[in-house]
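Before any comments, here is the structure.
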């Protein structure tokens, strides 16, 4: 019942890996790089990139970067809805023969586009069946590659078209004649009404607990087929089927006797994983606790103890050795953390930007986020492009002005979203759940809470339980890969630590300390799990006109401007009104004398240099804004009712200004 093909592919079908990837992408088929990995003596196919279901792309530039970085990478593509291709995988290995199994069942599989695999199996390309998921062993040696799956493509070692090619597939798809799913082979569609119902444990806590279970105990308790599947299903449902959850399921399963990447993958994607029933990870958590795991952040969550336990065979057995041993090879095989801002912020991090009021925290963080939303370098560091949620709890209107200035300076950033109406992430009646839903649906790379004090009203900052709630809320937003940035004040001692209970600092992955001196803000990591703490950023505060008010006077907004660390600063950016006021001050003081405040004010209000308005009150307001700008930029100094221009950081002023 199965069509036989000439095993020799035409010469025109022999591609190099990069060209093969670009050919697929040109036809709208999302591509991913993969490589062979030896696992437990078995050679297995593993994607080169994390989060491949979402990061697989048709972008030629990104594909070229991948194959420049990994010249020997093999070519793969995502199956299912994104590519429109479901693959009937007929294996011929390990004693299985999918072709013979279909023939014996009377099932005709004869797509005009067929790929021969490295082991002699066949991949038949078919039109995607809506809702179809990847699955294994429909018949002996017959698998499905669809949603949540991928397949190797010609251009990979040992893979080639034996019937048709990419051009034929694209033509058939475009005219509506892509080959249908074979009759008699049951489509593996997800059941209707699927709904994930997680307990609500932040991913970092869940991962820490699950991986703390000694491998010996994992194999003892979850070594049977049913228990292993139940554990993977629990992780799947708790993480919403995310890529982070998938990686955790593999890490949890590695190291046992008989571990197989492909078998674990099969358990993750098999349709009955997606039943929508609540599968609790609390059984896994309790096994971890019995083997010595403890977490203040988890204890602070106060999760109700009324969930059904995950079935654990032999739960009464001795817990065994609670130590985990990693060889140098194990350590070397640990994948690098995926960065958002290289060397500074990684996926899933909880970050705090701390400093005194007015240090520039709410200028720096929007600037960093805007660069991420645009996918451009910032402070000389590479970024991974992604969406941004900026929760402007403290000053929503002011943040909209600063974002307007960023847009005028750097262009539009459609993936940057200001959320100005959040006022309570602490209470049960608050907006945390709504924010969690939005993060899950839109998957931003960064979520900013500005500020911690305003977003968590009534918080007892010095109480471990209260600060534990903040950490738990932040970690709950990282579940889908986002990094969360908390903007907070530092301690009165000015030691670079966040204000409040030490539990917060202990839970942070990165802490950025901002300090302002002589018109320049320095930014140093006091804690950094992604790189060195010896690095330093520097920026100055610029001012941009973003419009005019009803009197015709300029509306301005502050903006972060990168400064050269060597010179520490460049000339301040002043509005026309501020420059005019400075000129008046110089004339009155002849460049050196200290000028009484009232003399400077009267001269500016009485003239038309600072503001051309006929309204005296408007000219008075324009002078006030100009003085605030000049003072903020460190251009002028005020003491004892008098102003003087600061000429340079090393100029010696009179003793009257020593303590200013």
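The values are calculated or read from the model by the stated rules, or taken from the named source; none is laboratory data. Predicted model only: the values in this text are computed from it and were never measured. All Cβ positions, even for glycine, are placed from backbone atoms using ideal geometry, and neighbour counts span all protein chains on display.
Listed here are the residues, each with its yes/no results for (1) touching a strand residue (DSSP E or B) at 6+ places or on another chain (Cβ under 6 Å); (2) part of a helix (DSSP H, G or I); (3) modelled with pLDDT under 95.
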residue	(1), (2), (3)
24	yes, yes, no
29	yes, no, no
34	yes, no, yes
37	yes, no, yes
44	yes, no, yes
66	yes, yes, yes
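Restricting 391, 448, 439, 422 to those that are in a helix (DSSP H, G or I), touching a strand residue (DSSP E or B) at 6+ places or on another chain (Cβ under 8 Å) and within 25 Å of residue 239 (Cβ to Cβ) reduces the list to 439.
Looking across 531, 506, one residue alone is closer than 26 Å to residue 208 by Cα, touching a helix residue (DSSP H, G or I) at 6+ places or on another chain (Cβ under 9 Å) and surrounded by fewer than 19 Cβ atoms within 10 Å (Cβ to Cβ). It is 506. Annotation note: of 542, 547, the sole residue that is surrounded by 15 or more Cβ atoms within 10 Å (Cβ to Cβ) and at pLDDT below 90 is 542.
Taking each residue of segment 456-469 that is within 17 Å of residue 497 (Cβ to Cβ) and looking for partners that are at pLDDT 90 or above and not in a loop (DSSP other than H, G, I, E, B) with beta-carbon atoms closer than 6 Å, six or more apart or interchain, yields 467/504. Scanning segment 92-124 for residues that are more than 25 Å from residue 157 (Cα to Cα) and either outside the structural domain of residue 145 (by TED's automatic domain parsing) or in a loop (DSSP other than H, G, I, E, B) (or both) gives 106, 107, 108. Answer with yes or no whether residue 141 is in the same structural domain as residue 168 (by TED's automatic domain parsing), touching a helix residue (DSSP H, G or I) at 6+ places or on another chain (Cβ under 9 Å) and within 24 Å of residue 27 (Cβ to Cβ). For residue 141, the condition - in the same structural domain as residue 168 (by TED's automatic domain parsing), touching a helix residue (DSSP H, G or I) at 6+ places or on another chain (Cβ under 9 Å) and within 24 Å of residue 27 (Cβ to Cβ) - is not met.
Filtered by the rule that a residue be modelled with pLDDT under 85 and in contact with a strand residue (DSSP E or B) (Cβ under 9 Å, 6 or more places away or on another chain), segment 517-539 gives a lone residue, 519. Being in contact (Cβ under 8 Å) with a residue 60 or more places away in the chain and touching a helix residue (DSSP H, G or I) at 6+ places or on another chain (Cβ under 7 Å) is the filter here; which residues of segment 390-405 pass it? 390, 391, 393, 394, 402, listed by residue number.
With respect to residue 60, is the statement that it is surrounded by fewer than 17 Cβ atoms within 10 Å (Cβ to Cβ), in contact with a helix residue (DSSP H, G or I) (Cβ under 7 Å, 6 or more places away or on another chain), without any contact (Cβ under 8 Å) to a residue 60 or more places away in the chain and outside the structural domain of residue 240 (by TED's automatic domain parsing) true? Yes. Set side by side, the residues 459, 452, 426 differ, and just one is within 29 Å of residue 342 (Cβ to Cβ) and either over 20 Å from the mean Cα position of the chain (by Cα) or surrounded by 22 or more Cβ atoms within 10 Å (Cβ to Cβ) (or both), which is 452. Restricting segment 248-286 to residues that are under 30 Å from residue 505 (Cβ atoms) and outside any loop (DSSP other than H, G, I, E, B) leaves a set whose member that is modelled with the highest pLDDT is 248.
For segment 451-477, enumerate the residues that are part of a loop (DSSP other than H, G, I, E, B) and touching a strand residue (DSSP E or B) at 6+ places or on another chain (Cβ under 6 Å).
Correct list: 451 only.
Condition check: within 20 Å of the chain's Cα centre (by Cα) and either over 17 Å from residue 537 (Cα atoms) or at pLDDT 95 or above (or both). Does residue 393 satisfy that? If you could, list the steps in order and put the result at the bottom.
Values: within 20 Å of the chain's Cα centre (by Cα): no; either over 17 Å from residue 537 (Cα atoms) or at pLDDT 95 or above (or both): yes.
No, not satisfied.
Of all the listed residues (137, 89, 143), the sole one being part of a strand (DSSP E or B), in contact with a strand residue (DSSP E or B) (Cβ under 8 Å, 6 or more places away or on another chain) and surrounded by fewer than 18 Cβ atoms within 10 Å (Cβ to Cβ) is 137. When the criteria are applied in full, residue 515 fails the requirement of being surrounded by fewer than 20 Cβ atoms within 10 Å (Cβ to Cβ), over 26 Å from residue 629 (Cα atoms), in contact (Cβ under 8 Å) with a residue 60 or more places away in the chain and over 22 Å from the mean Cα position of the chain (by Cα). Here residue 552 fits the description: in contact with a helix residue (DSSP H, G or I) (Cβ under 9 Å, 6 or more places away or on another chain) and surrounded by fewer than 18 Cβ atoms within 10 Å (Cβ to Cβ).
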